[in-house]
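Take a look at the structure set out below.
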Amino acid sequence: MDETILEIRNISKSFSGVPVLEDINMCIKKGEVHVIVGENGAGKSTLMKIISGVYKKDKGELFFEGAPVQINSVQKALSVGISIIHQEFNLLPHRTIGQNIFLGREPIKSHFLKTIDYEHICKRSKELLEYLGLDLDPRTLVYNLGIAQQQMVEVAKALCFESKVLIMDEPTATLTRKETAKLFEIIKKLRSEGVSIIYISHRLEEIKQIADTLTVLRDGKVVGSLSIEDASIDQIIRMMVGREIKDQYERHYHTHGEEVLRTENLGAKRFSEVNINLRRGEIVGLSGLVGAGRTEIAKTIFGEDAIEKGSVYVYGKKYNKMNTQRATRLRIGLVPEDRKEEGAIVEMSIRHNIIHAVLPRLFKSSVISKKIELSVASKYKEELNIKAPSVNKLVKLLSGGNQQKVVIAKWMCADCEILIFDEPTRGIDVGAKAEIYAIMSQLVGKGKAILMISSDLPELIGMCDRIYTLKDGKVTAEFSRTEATQEKILAACV
Amino acid sequence: MKRIAGFALNYYKIILLFAILSVSSSVTQDPLQNIKNMIMIQAPFVMIYSFGMTLAVITGGLDLSLGSVAAFSTCAAAFLIIKDQIFLGIAVCLLIGAGLGLLNGLLITKAKVNPFIATYGMDWVIRGAVYIMMSGAMIYHFSNDFKIIADGSFLGISNLVYISVAILLILMFVFQKTVFGRNVYSTGANTKVSRLTGVNTDLLIIIVYMISGVLASTSGLLYVARLDCAEAFLGKNFGLQALAATLIGGTSLQGGKGGVGNTVIGVLIMVFLMNCLNVLKVSTLWQDAVFGLVIVVSALLEMAKQRYANYLQL
Amino acid sequence: MKKAFTVFLVVLFSISVFSVSAAPYPGAVGKKATLILKDLTNPVWIQAAEGAKAAAKDFGMQIEVVAPIVSNNNDEQIQLVQQAIAKRKDIMILTPADSKGIVPAVTELNKAKIPVINLNTKINNESGRANSETFVVADNITCATLCATELARLANGSGEAIILQGPSGGQVTIDLTKGAEDTFAKYPGIKLVDKKEAKFDRATGYKVTQDMLITYPNLKIIFSCNDEMALGAVKAVEEVGKLGKIFIGGIDGNKDAMASIKEGKLNTTVFKNFWLQAYTAVEAAAKFLDGQKLPALIPVDLGIVTKENVEKYLAM
C-alpha cells in the first residue's frame, strides 16, 4: 500500500516567461486517491497536463514505479499507464461506446485485410461497462448518453488501457448528487484494485468523502501534502487562499422594500404554475436538481425564452410577453450559468463587455466617446477588483472569477434593479467566490433585488433571505432564512 | 530578429502591396497610368461591394447574393434611367438593394436559415428573376448626365474615388464610433451574449444585410454608368471576389473582428496582384491558382499573428 | 345550339386538315423534339430558342427548349438528355457545351434510337459511338477567320494583336482562338502578343484591356471571342483616346455591338444569326422525320458586320 507509483521531482514550467509551476515535488502511492486542490490559476491543470504528456516540462524529472521516465506525448503517457479524463470529454459523439473505448487501437481481425474485430470490441466493452456497473449496450451511440454515462465511457477507456494512474479533472462538476455517489463507488473500487487516482476538485465537501491524501497548490507551488485525517475544511481553505476566511457568506440583512418582481402562474417549456416574488433588498434562492427548471424560469423572466402561460409583473406592471430588450429596459440583468457562451463576449475586451448593456443610455447621441467609455469601465474594474493590467485586456485571458466579475460589472454599470444570478460561483475559486458574495451583499444593501440559482446548498442557505424549492418544473416549498436547512431543502427537491 | 518578425507580421500586407507595386511598375512603360487605372477605376468598384461582404462577415455571416442584387437592382432601375428619370432610377436601385438585403436578413434571423445557404439560395433566385425580367435584352446608351457619375472626374481625380472614399468614411464612422456599430461587432462575436445583454440582434443583422444590399446596388450602378450597359449577367463573380478581398484584408469568418478598413487593403492587394500578373504576361491559367494561394497564405499569416501575438509583443 | 356546335366542329376539322396539308414536311407534324442549348440567359441563346420555336410552329412540331441552370455545364446537359430519353422524344437537337464530355449522352441517344441533330458546336465522334444525322453550323472557326481578316485589313496587315478569351477550356473559345491565330499567322506583320481570359463579360473585358494597354503600348488589334468583352475593350480604349488607332472586333452580332459599330467605336463583329441556326436545325429535324436524307453538314450564313453594312443588320 505504501509503494510509490509516480514521483514528481522538481518540476517547473513557464509560459512566455511567466512561471506557472515552480519546483513541484509530489509522491503518488499505489492504490490511493490523491486529491489536488488549489485556486484557479494555481497550476493544477498544467501539472496534470505535464504528467499526461500534453505539455512538456521545462525542468525536473518523473519517476514511474521507481524508474525515471520521459513522457513527451500523450501516447507515451498511455503506454506507461497514465491516462487523464479531461473536464471536456474526448469522445466522438457519432460513434458507439465500443468504438470510442477502442479508438485509435482497434483490434485487427485479419492481418491481411486489416478489418476491425468488432466482436472483440463489443465483448470487451461490455465487460468493462459491467465492471463499472453500467447496463449499457456497447453499440449505443455516445451522442445518446447523458453526461454521467459519457464520463463512465471515459473511465472505461482508461481501464481498457490498463492504466495504473488515472487523472480526473473536476469529474463531478456536471454531475448530479446521485451520479456523484456512483462515481465515488467506482473510484473506491478502482482504488481497492491498486489503481492510483489523481483527483482535482473545487468542491471541498467532496474531498473528505473520497480522498486519502491531499496536496494543496498555490501560485504554482506546493503548499503542503497531508493525510486526509489531519485536514479540516477550514485548514484546507486557509492553505489554498493563504488567508483565513472567517465567514464566507457575509450578509447584512435589511428591511425589505416594495415588491419588484412577481410571477403569476408562469409556465413555459420545462415548468408550469410558478408563483414567486422578489422584493427590494432581498436575495431569493431557487433550489432544485439539474433539470428541475431553474435556469428555464430565469430565462423566461428575462425574455430569452417565450412565456407560454401566465405573466410576469415588474414593478407592479403586468407583462404577458417579454423579450431581452424589454427586460434590460426594465433594468433586469441576467448573470447566466454559462459564462463563456452567454455571459461575456470572451473574444472582446473587458471595456467592451462592461459597457455593453449601458451603451444606448450612456451615449444618447449614439456616438461613442472613448474617453467616457474608458473611465466608466475603469471605475467598475476598480470597484469590483477585476484583476487585469488594463480594461483593454481580452476577457478570455482572465480567470473564471474575474470573468464572472466582468459579467456582474456589465449589469451594475447598466444600473440594474433586478439581478438574476444563475450558478454565479460555479467553477470559481474560493477567494473569488467570497468576493462575489460580498458584491451580492452590497447590491442588496443598495436596495437592489437578487434572484439566485445555485446547486451549492451551503452557499444558497448562507446567502438567501428566502428559498424556493423546485421539482419537475413546479415550486414545492418556500423556506425563510431561519427555517432553511440542507436536509429540508433536499427533501423538497427530490 | 524578434522585432523584425513582429514588424513583418504586423505590416506584411502593406509590405506586400509595395512589393507588388514595385514589380509591376518596373516592367511597365507607363507606371503612373497603370497605378491611376488601378486606384481610380479598378479598385473602387471592387471596394464598394466588398464592403458589403465585410459587414456581413462581421456579423458572423456572409452575403453571396451581392452580384445578383447588383444585377437585379440596376436592371430594374435601367428601365427608368434610360427614360432620363435618373434620380428616380437611382432611388429605385438603392431601394431594391435594401429590399433584397431585408429579405436576406429576414431569412437569416427570423427563419433561422444559415447565412451561407440563405444568401447562396437568394443569389440563384434573384439571378433567375433578373434573367426573366431582361429576357436576353440589354439596356444601353444612357444619357451623359447619368454616365458622368462614374465617368466624370473632379480636380483630376475620378468620381469613383470620391464615391468610394465617402462610403468608406461613412462606414468607418458608423461601425467604429457609434453604438450601432459597436453592437454589430458584439453581435458578430457572440450573438447570444448580445441578445442576453438586451441588444436587438435580429434587427441589427437585418440592417447590416440591407446596407450590404445597398452597397451591392451602388457598385452595380457605377458599373452600369461606366460601361453604359445594364445587363442580366452583371457581377457574376462579385460574391466570391468580395469574400476573397475580405479574407485577404484580415476580417475573420468567425465574426466580430476586422472591418472595412482592412478590406481596403484586401482589395488593393487583389487588384494590384491581378494587374501585376497581367503586366508580367503571366498566363491567365496561372492567375486563379496564384490568387487562391494568396487567400490561403494570408489566412495562415493571420493565424500566426494571433498565435505569436504575445511572444512578438504585437 | 346543336347546329352551332356542328359548325364549330367542321371549322375545327377544316383548320386542322388545312394546317396539315399546308405543312411542307407531313411526316414531322405532331412529332416531339427537344432542343438542348448551352445556356438560356445569354441573348444569343434566347434568339436561338425563339428561332427554334418559330420553326416548330411552321412545321407543326412540338418542341421543348432546355438548357443547364449553370451555363455551359456538361453534367447538366447529360441529365437533360436522359430526361428527354425518358420522355421518349422523337428527335433531339443538341448544342453540346463540351464536345467530348457529351459523348456518353449521345451514345445513349443512339441506343434509344432517337435521332440527333447536332447544332452549333460539333459533337466529337472520334470513337464512332456518338452519331448524329447532320451538323448545322455557323462554324466558329469561319467566324473567327472572318473577324480576324477584317481586323487585319483595317490594321494594314501589321501590328501587335491580343485575343480576349472566354473561360478556359470552353469549346467556343478554343475554336475561335484557333481561327484567329491561324488567320493572323498568314500576315507576317501581325504579331500575336498575348491571350487573356476575360470571362465573356463586359466588366472583366474592360479591366483586362486596361492592363493590356499598359503592358503593350503599341497594341493595334484586339480580337474578342464575344461582343460583351469587345465592348468592355472599346470602353477602355476610348478612355485612353486610342479609338481608331486600335482595331477591335467581336463575335455574335448583338444589338449593342451593332449600335457601337454604327457610332464608329467597335470596328467589326460577326453576325452568327443564332435565330437562323436554330430555325435551320429544326427544319433539318423536320426533313429527317419526313424521311428525307440529310447532308452531313448544313452551313448557316454568317455575316461580317462593318460600319458600311451595319444598317442592314440593324434592320433585321
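Here, each number is a calculation from the coordinates, and none is a lab measurement. Please read these numbers as outputs of a predicted model, since none were measured by experiment. As a convention, Cβ positions derive from the backbone with ideal geometry for all residues, glycine included, and neighbour counts pool all protein chains shown.
Translational diffusion coefficient of segment A:4-241 (Stokes-Einstein, Kirkwood radius from Cα pairs, 10 °C, 1.306 mPa s): 85 µm²/s.
Using only the Cα atoms of segment A:259-493, each taken as one equal point scatterer with no solvent, compute I(q) by the Debye sum, divide by I(0), and report log10 of the ratio at q = 0.10 Å⁻¹. Here the Debye-derived log intensity ratios amount to -0.45.
Residue by residue along A:353-359, Cβ atoms of other protein chains within 10 Å of the local Cβ number 4 on average.
Looking at segment B:110-171, which trypsin sites (Lys or Arg not before Pro) are DSSP coil and have at most 13 other C-beta atoms within 10 Å of their C-beta? Before the final figure, lay out each step's value.
Values: sites: B:LYS110, B:LYS112, B:ARG127, B:LYS147; in loops: B:LYS110, B:LYS112.
Here the trypsin sites (Lys or Arg not before Pro) that fit, given the DSSP loop and packing criteria, are B:LYS110, B:LYS112.
All other residues whose Cβ lies under 12 angstrom from that of A:TYR55 are scored, Lys and Arg at +1 and Asp and Glu at -1, for a net of +3. Counting only DSSP beta bridges with both residues in segment A:4-241, the antiparallel share comes to about 60 percent. Among the lysines of segment A:1-97, pairs that are 8 or more positions apart or on different chains and have alpha carbons within less than 16 Å of each other number 12.
Amide H contacts for C:ALA138 (H built 1.01 Å from N in the peptide plane; partners 5 or more residues away or on another chain; cut-off under 5 Å): C:ASN120, C:VAL300. A DSSP coil position with no more than 13 other Cβ atoms inside 10 Å describes the following chymotrypsin sites (Phe, Trp or Tyr not before Pro) in segment B:229-314: B:TYR311. Using the rule -39500 (n - 2.57) for each DSSP H run of four or more residues, divided by the residues of the protein assembly as shown, the 222 nm mean residue ellipticity is -15500 deg cm²/dmol.
How would C:GLU133, A:GLU88, A:GLU185 line up from fewest to most surrounding beta-carbon atoms within 10 angstrom?
Values: C:GLU133 18, A:GLU88 7, A:GLU185 12.
The most exposed by this proxy come first: A:GLU88, A:GLU185, C:GLU133.
Note on segment C:60-92 and segment B:145-218: Cα centroid distance 45 Å, given to the nearest whole angstrom. Specify whether the C-alpha gyration tensor of segment B:31-307 places it in the rounded, prolate or oblate class, a ≥ b ≥ c being the square roots of the eigenvalues: rounded for a/c under 1.5, otherwise prolate if a/b is larger than b/c and oblate if not. Judged from the Cα gyration tensor, segment B:31-307 comes out oblate (a/c at least 1.5, b/c at or above a/b).
In straight-distance terms, cross-link reach from B:LYS305 covers every one of the lysines whose alpha-carbon lies under 20 Å from its own, apart from those fewer than eight places away in the same chain; here that gives A:LYS393, A:LYS396, B:LYS2, B:LYS13, B:LYS257.
Exceedance of the 21 Å cut-off in Cα-Cα distance is limited, within the set A:LYS317/A:LYS448; B:LYS83/C:LYS207; A:LYS318/B:LYS110; A:LYS123/A:LYS178; B:LYS236/C:LYS38, to B:LYS83/C:LYS207; A:LYS318/B:LYS110; A:LYS123/A:LYS178. Between the exposed loop cleavage positions of chain C, defined as trypsin sites (Lys or Arg not before Pro) in a non-H, G, I, E, B DSSP state with at most 11 neighbouring beta-carbon atoms within 10 angstrom, the longest gap is C:114-292. Once you reduce segment A:71-86 and segment C:171-239 to the center of their Cα atoms, the two points are 65 Å from each other.
Find, among the trypsin sites (Lys or Arg not before Pro) in segment B:6-90, those assigned to loop by DSSP (not H, G, I, E, B) with at most 13 other beta-carbon atoms within 10 angstrom. Intermediate values should be presented prior to the final figure.
On the way: sites: B:LYS13, B:LYS36, B:LYS83; in loops: B:LYS83.
When the trypsin sites (Lys or Arg not before Pro) of segment B:6-90 are filtered for loop state and at most 13 Cβ neighbours within 10 Å, B:LYS83 remain.
Averaging Cα coordinates gives a centre for segment C:248-269 and one for segment A:338-413; these two points are 64 Å apart. Taking the DSSP beta bridges with both ends in chain A, the antiparallel portion is around 55 percent. Sites count as exposed loop sites when they are trypsin sites (Lys or Arg not before Pro), lie in a DSSP loop, and have at most 15 other Cβ atoms within 10 angstrom; the longest stretch of chain A without one is A:140-202.
The Cβ shell under 14 Å around B:MET270 holds other residues with a net charge of 0, Lys and Arg each +1, Asp and Glu each -1.
Counting DSSP beta bridges with both partners in the protein assembly as shown, what percentage is antiparallel, nearest 5? Walk me through the numbers before you get to the answer.
Numbers: 53 of 126 bridges.
Of all bridge pairs located within the protein assembly as shown, approximately 40 percent are antiparallel.
Judged by the ratio a/c of the largest to the smallest principal axis of the C-alpha gyration tensor, segment B:105-241 counts as oblate, that ratio being 1.5 or greater while a/b is no larger than b/c.
Report the relative contact order of chain C, percent, no decimals, based on alpha-carbon pairs under 8 angstrom and at least 6 residues apart. Mind dumping the intermediate values first?
Details: 647 pairs, mean separation 58.0, N = 316.
Relative contact order for chain C comes out at 18 percent.
Starting from the alpha-carbon convex hull of the protein assembly as shown, give the projected area averaged over all orientations, in nm².
Details: hull surface 240.6 nm².
Value for the protein assembly as shown: 60.1 nm².
Quick one: net charge of B:MET40's neighbours, Cβ under 15 Å, K/R +1, D/E -1? Mind dumping the intermediate values first?
On the way: positive: B:LYS36, B:ARG226, C:LYS207, C:LYS235; negative: B:ASP30, B:ASP151, C:ASP211, C:GLU239.
Local charge sum for B:MET40: 0.
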